[in-house]
1. Could you tell me how many of the residues in region 411-422 are hydroxyl-bearing (S, T, Y) and surrounded by fewer than 22 Cβ atoms within 10 Å (Cβ to Cβ)?
2. I'd like to check which helices (runs of 4 or more DSSP H) are fully inside region 86-137 and have at least 2 residues that are farther than 30 Å from N201 by Cα and not aliphatic (A, V, I, L, M).
3. State yes or no: is T453 assigned to a loop (DSSP other than H, G, I, E, B), crowded, with 22+ Cβ neighbours inside 10 Å and among the polar types (S, T, N, Q)?
4. Does region 161-207 hold any residues that are aromatic (F, W, Y) and open to solvent by 10 Å² or more (accessible area, probe 1.4 Å), and which are they?
5. Picking from E329, E383, which residue would you name as being closer than 28 Å to S476 by Cβ and either modelled with pLDDT of 95 or more or surrounded by 14 or more Cβ atoms within 10 Å (Cβ to Cβ) (or both)?
6. Do you know which residues across region 458-493 are assigned to a helix (DSSP H, G or I) and open to solvent by 30 Å² or more (accessible area, probe 1.4 Å)?
7. If we only count strands (runs of 3 or more DSSP E) wholly inside region 276-395, which ones have 1 or more residues that are under 19 Å from R415 (Cβ atoms) and touching an Asp or Glu at 6+ places or on another chain (Cβ under 8 Å)?
8. For the list (1) assigned to a helix (DSSP H, G or I); (2) open to solvent by less than 40 Å² (accessible area, probe 1.4 Å); (3) of a type in the set (S, T, Y), I need the number of the one condition that T408 fails.
Amino acid sequence: MASRGQRAQRGRKGRWHKKSVGGSSRSRASTSQEQFYIHHTDNDMMLIIPNQGDLDLPFVSRKVQKSTDSTPHADRSSTDSGWGDKMPLEVLHRIFQLLSDTEGAVPTLCRVSRVCQRWCQVASSPSLWRHVSLGFCWVEPGKKLSPKLQTKIRDTVEKLIQGRLRMVLDFSLHHWKQQVPFVVQMLSDHCPQLSFLTLSNCHEVTLDALLSVTHNCPRLCSLNLQNSQVESLALPRVLDECGSQLQDLFLTYSTMMKAVISRLAGGSCPNLRVLELNTEMKQGSDDLSFCIESLQTGCPKLEVLRLLNLVWSSKSMSRHSEENPGFTELQELCLATSNYSFVSDAVCKRLLRDSTKLKMLDLRGCYRVTPQGICDLPCTDLERLYLGIYCSTKNLILPGSGSALLATRWQHSLRELDLASQSFNERDLTEALHILSRGGNNETLQSLNVAGTKVTSSAIRNLLRSCQSLSHLDLSSCRCLPRGMKRVYRGEQDIHECLNGLTEELKKELGGDEELYL
């Protein structure tokens, strides 16, 4: 926000707008024109109304009259301030834009357009309908659509797209079982600026519809088809013809996944930056197998790779694979799973051999990976590290030490650390938290999850005294902590209460000798 002096200096370059004032004929005669000034900055807009003597007095008198009038049938028109008619269209447009950006165009703009004709005029502006998400709510769950209702849906969608979505950038369709090809075809015919398309939990996603939108929308760079029923062979065909324009690709495991990975490894999407493959919690017995080095060659610009809850294994590399560079631009790797995992130290090393820019590493459930293997990775400024185990550890062999190695390696950059249910011993965890405290001054660490570990009260207490920016702390099921302290703490005040509680418990253990625990 600019300072008062900067705003005053910029204000001289502005232009005064004139707008008629509504109300009675007497008020229009006395103040036929009201002047206001709209000042635009980089991030906001300012409405400046100059001091014009008694311009606001009639409004004040009408409010007083409304509060003191004892007549039961007073004229309501005399108490109306008329601010809705006086507000400049530019300001109203800016307000609606902020609402649309934060709450979504649907249903926000649909609701405000029903207030009055003026609001409807502004809310219908295509420039406000840039991010649109449509869920299916036409009938009650379990009921079938009648032909009459299907026709009504098509007419409504057609009017919406033709009238208001001509400038849409991001469009999402959720839980539509019918009419999906029609909606996608309408988008391809009338929305040339479409850049992000999401079809989530949708049925009947056809090849013709996908090819139409990719051919007619040259700016389309993100395609999300997670949990949708896509026509067989549609994805490989789309990647063959239009894969070069895609930068983000979100898919769910299916029988076509091997063909998709083959296309990616073959270079059909050379500009891909985000690749996310997920699966349902209950995946079939078949697992996905691919060569890591081939994928690195086919997607050299990849920045985010997420293989979520996916049972996969890596094929052996070819003789010439080591000569090709790895994921040099990779910043996020997520291999979190609740299923059986083949990910090991060797797999991580092959994935991240050239990933010096990595900021986030999510290995939750990857119990084969060791702390030493993680520390050997080339990333030097890791900010988020997730190693929690969120499945049964009964038959798992987990390392008893190594958290101190992780803390030493990235104590300067770690913002979030998740060690939930790991088997690190008390001494190792105490040393790790001592390292993270940085001698009493750590303003980087923001979130720590040690749920289900053997962390001690003294180690947590010393860490809380040092980490001033910590806003999330999970101490659930920590067996070495006193009762009442084993829970999740959120926010500065909650964490401060945790520190006070641990200090009081330590006082009781030491018999109230303050010199021992200070």
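The values are calculated or read from the model by the stated rules, or taken from the named source; none is laboratory data. Keep in mind that what you see is a predicted model, and the values were worked out from it rather than measured. With ideal geometry, Cβ positions are generated from the backbone for all residues, glycine too; neighbour counts draw on all protein chains shown. Surface accessibility is based on the protein's heavy atoms, side chains included, excluding ligands, DNA and RNA. Shrake-Rupley method; radii C 1.70, N 1.55, O 1.52, S 1.80 Å.
1. Here is the first cut: in region 411-422, the ones hydroxyl-bearing (S, T, Y) are 413, 421.
Then keep just the ones that are surrounded by fewer than 22 Cβ atoms within 10 Å (Cβ to Cβ); that gives 413.
Selection size over region 411-422: 1.
2. Working: elements: 89-103, 105-112, 117-123.
Those helices (runs of 4 or more DSSP H) span 89-103, 117-123.
3. On the way: assigned to a loop (DSSP other than H, G, I, E, B): yes; crowded, with 22+ Cβ neighbours inside 10 Å: yes; among the polar types (S, T, N, Q): yes.
Yes; evaluated as a whole, the condition is true for this residue.
4. So the first thing to find is which residues in region 161-207 are aromatic (F, W, Y), and the list is 171, 176, 182, 196.
Residues satisfying the conditions are F182, F196.
5. On the way: E329 fails: closer than 28 Å to S476 by Cβ.
The unique qualifying residue is E383.
6. In the first step, residues of region 458-493 are kept if they are assigned to a helix (DSSP H, G or I); the result is 458-466, 492-493.
Those that are assigned to a helix (DSSP H, G or I) and open to solvent by 30 Å² or more (accessible area, probe 1.4 Å): S458, N462, R465, E492, Q493.
7. Values: elements: 288-290, 304-308, 312-314, 332-334, 360-362, 384-386.
So the answer is 304-308, 332-334, 360-362, 384-386.
8. (2)
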